[in-house]
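The values are calculated or read from the model by the stated rules, or taken from the named source; none is laboratory data. In this text the structure is predicted, and so the values were computed from the model without any measurement. Every residue, glycine among them, receives a Cβ derived from its backbone with ideal geometry; neighbour counts consider all protein chains shown.
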Amino acid sequence: MASDILSDVLKEVHLSGALFFDIEGRAPWVAEAPPSCAFKALIMPHAQHVINYHVVANGVCWARLLDSADEPVRLTAGSVIVFPQGQPHVLSSEPGLREPFDPAIFDAPQPEGLKPLMLSRNGDGPQTVRLICGFLGCDVVPFNPLLEALPPMLVITDGYSERDGWLASLIRAAAAEGRDSRGGGRNVLSRLSELIFIEAVRIHAERLSEDARGWLAALRIPHVARALTLLHENPARGWTLSSLARAVGVSRTVLADTFREALGVPPMSYLASWRMQVAAGQLADTDRPVYLIAEAVGYESEASFSRAFRRATGLSPGIWRSERNGNLGGPEPYFKHDT
C-alpha cells in the first residue's frame with residue numbers, strides 16, 4: 001500500500017532523472033557544490049526543484065552539509081547520499097577540505113553547452129574514489145509531501161549489501177552505463193538515477209524510528225495509510241472526515257487525531273493540497289479544458305477551482321498552463337568529469 005502511494009506521489013510531482021557526472025578522484029581532492037537553485041537553470045531549467053545525489057561506486061570519501069555543525073559522514077563503496085532540498089555540500093578525500101565554489105565556472109564555454117557543477121582539485125596520489133553524481137528534477141508547488149518528509153542529507157551507507165544487492169545492481173548498472181557510449185545511454189542513465197533515488201527513499205523509510213513523524217512515517221500507520229490511499233485514488237470524491245473515517249474503519253476522532261499527529265495537517269487539508277497537485281499536473285501535461293480538470297479533482301465549478309488554485313500557486317490555471325508549457329524541453333545531457 002505504502003509503495004503504491006509513493007509511486008503515485010512520484011508520478012504527480014514529475015520526478016525525472018537528469019545530468020550525470022562520472023568523477024574519479026585522486027587524493028587530495030575536494031568537490032564543493034552550491035545550492036542546487038544556483039545552477040538549476042543550467043542543468044534542468046524546466047524543473048521547479050533539483051535534488052542532488054552521489055553514489056560511491058568504489059573507494060572512500062567524506063561528505064557534509066556546508067554551514068552545518070554536523071560531523072562529516074564517511075562514505076564507502078556502495079554508499080548513496082542524497083540532498084533532497086538541494087543544500088550546499090562538500091565531498092572530499094578527507095574531512096575538513098574546502099574549495100570555495102567559483103561562479104565563474106559558469107562563464108567558461110564548454111563543448112557540451114553546460115559546465116561542471118562541482119569544483120575539484122587534482123592530487124598526486126592513487127585513485128581513491130569513483131563517484132557517480134546525479135540530479136533529479138521535481139515539482140515543489142503546489143504540493144510535494146515526499147520532499148517535505150526527507151532530511152537535508154539522506155545517507156545509505158550499505159547499498160552493496162542492502163536488499164540482497166538490489167541497490168548494488170542499480171549502482172553497478174549506472175557505473176557501467178556511464179563508461180559506455182551505447183545508443184540510448186542518456187535515457188538509461190536517467191531511469192537509473194530515478195530508481196537509485198527511489199530505492200534510497202524506500203530504505204530510508206524502512207529504517208525510520210518508531211517515533212518518527214512525517215509523510216513517510218505515516219505510511220506505516222495502517223488506517224492513516226488507508227486514508228491516504230483513498231484520497232489519492234479518488235480525489236474527486238466529496239470526502240468529509242466522517243465519510244473517510246467510515247471507509248477506513250475508525251472513528252472520526254481517531255482518524256483526525258492520528259492523521260494530524262503523523263502529517264501535521266487534517267485529512268481535508270491534505271486532500272485540498274493533493275487536489276491542487278493533481279490539477280497542476282493535468283494543466284501542464286494535457287490540453288483538457290479547465291472545467292474538466294476542476295471536475296476531476298472534486299470542484300463543482302471552474303470559478304471555485306480557479307480561486308483555490310490561485311491561492312495554492314499564486315497563479316491562475318491559465319497562466320500556470322502557459323508558463324509550464326512554455327518551459328517544456330528535451331532530455332538533459334550527460335558528460336564525464338575527471339578530477
_If Ser242 satisfies all but one of (1) at pLDDT 95 or above; (2) crowded, with 16+ Cβ neighbours inside 10 Å; (3) not hydrophobic (A, V, I, L, M, F, W, C), what's the number of the condition it fails?_
(2)
*Restricting the search to region 101-140, which residues are under 17 Å from Pro72 (Cβ atoms) and at pLDDT 70 or above?*
Thr128, Val129, Leu131
_Exactly one of these conditions fails for His89: (1) closer than 19 Å to Leu170 by Cβ; (2) modelled with pLDDT of 90 or more. Give me its number._
(1)
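So that you can scan it fast, the table gives a plain yes or no per residue for (1) touching a His at 6+ places or on another chain (Cβ under 8 Å); (2) at pLDDT below 90; (3) farther than 20 Å from Asn52 by Cα; (4) surrounded by fewer than 16 Cβ atoms within 10 Å (Cβ to Cβ):
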position	(1), (2), (3), (4)
Ser181	no, yes, yes, yes
Arg202	no, no, no, no
Ala205	no, no, no, no
Ala217	no, no, yes, no
Arg226	no, no, yes, no
Leu231	no, no, yes, no
_Selection from region 137-159 of residues that are part of a loop (DSSP other than H, G, I, E, B) and buried (at least 18 other Cβ atoms within 10 Å of the Cβ)_ = Asp139, Pro142, Phe143, Asn144, Leu150, Met153, Gly159
_Taking the conditions exactly as written (surrounded by 14 or more Cβ atoms within 10 Å (Cβ to Cβ) and either touching a Leu at 6+ places or on another chain (Cβ under 8 Å) or not β-branched (Val, Ile, Thr) (or both)), does Ser316 satisfy them or not?_
yes
_Within region 1-76, considering only strands (runs of 3 or more DSSP E) that don't extend past its boundaries, which have at least 3 residues that are within 18 Å of Arg191 (Cα to Cα)?_
16-26, 49-59
